[in-house]
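The values are calculated or read from the model by the stated rules, or taken from the named source; none is laboratory data. Only a predicted model underlies this, so the values are computations on that prediction, with no experimental measurement involved. Ideal geometry is used to build each Cβ from the backbone, glycine not excepted, and the neighbour counts take in all protein chains shown. The area values use the complete protein model at the heavy-atom level, side chains included, leaving out ligands, DNA and RNA. Shrake-Rupley method; radii C 1.70, N 1.55, O 1.52, S 1.80 Å.
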Amino acid sequence: MLILDELYNIVVFEVSSDELIRILKEIKNKKEIDIDLLKYKIHMFEKKKRIEEAYYQSLSTFRKIFTGRPPGHHQAVEYLVNVKERFNEIEMIKQNIITLNSILSLLEAEPNKREIVLSPSLIEEIRKWQEKEGN
């Protein structure tokens, strides 16, 4: 099967359809693992914040006065970096998985197809995957 670049419409490389399906499924599995890892990181951040807040609330009023606590805008930035941006990453990865699923369904529906047009980013991922397997 010929892999064509969507941008330049040129043949990038040739691989069997079974091999391409296997590679795409492995890339999809890796992306799903990345989503789970990001969700775990979000969970751990929120757990840490709950523990810190519970500790702060357990302090006496006198101790709260002398406890150094970051200003609200610092906490907002920390939330933005540790939660919101990770949720955005998860959404981007889910969009990539949807694209991979559509390509996989196309390949499985038409196993005798001679060529397929893929995005440059997906072609780069396939190249990296092949290089990783080669080493």
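Pairs, please: C-beta under 8 Å, at least 6 apart or cross-chain, first residue without any contact (Cβ under 8 Å) to a residue 60 or more places away in the chain and in the range 58-82, second open to solvent by 70 Å² or more (accessible area, probe 1.4 Å)?
Once the first residue is without any contact (Cβ under 8 Å) to a residue 60 or more places away in the chain and sits in the range 58-82, its partners that are open to solvent by 70 Å² or more (accessible area, probe 1.4 Å) give 82/41.
Got a number for residues in the range 67-118 being in a loop (DSSP other than H, G, I, E, B) and of a type in the set (Asp, Glu)? Spell out how you get there, then give the answer.
Narrowing the range 67-118 to residues in a loop (DSSP other than H, G, I, E, B): 67-71, 110-114.
Narrowing further to those that are of a type in the set (Asp, Glu): 110.
Looking only at that region, the number is 1.
Which of the residues that make up the range 44-61 are open to solvent by 90 Å² or more (accessible area, probe 1.4 Å) and either in contact with a Gly (Cβ under 8 Å, 6 or more places away or on another chain) or not charged (D, E, K, R) (or both)?
51, 55, 57, 61
Name the residue, out of 77, 15, 83, that is over 29 Å from residue 110 (Cβ atoms) and open to solvent by less than 40 Å² (accessible area, probe 1.4 Å). Working first, answer last.
Details: 77 fails: open to solvent by less than 40 Å² (accessible area, probe 1.4 Å); 15 fails: over 29 Å from residue 110 (Cβ atoms).
Being over 29 Å from residue 110 (Cβ atoms) and open to solvent by less than 40 Å² (accessible area, probe 1.4 Å) holds for just one of 77, 15, 83, which is 83.
Could you say which residue among 3, 23, 35 is touching a Lys or Arg at 6+ places or on another chain (Cβ under 8 Å), in contact (Cβ under 8 Å) with a residue 12 or more places away in the chain and surrounded by 11 or more Cβ atoms within 10 Å (Cβ to Cβ)? Quick ask: steps written out before the conclusion?
Details: 3 fails: touching a Lys or Arg at 6+ places or on another chain (Cβ under 8 Å); 23 fails: touching a Lys or Arg at 6+ places or on another chain (Cβ under 8 Å).
Only one candidate qualifies: 35.
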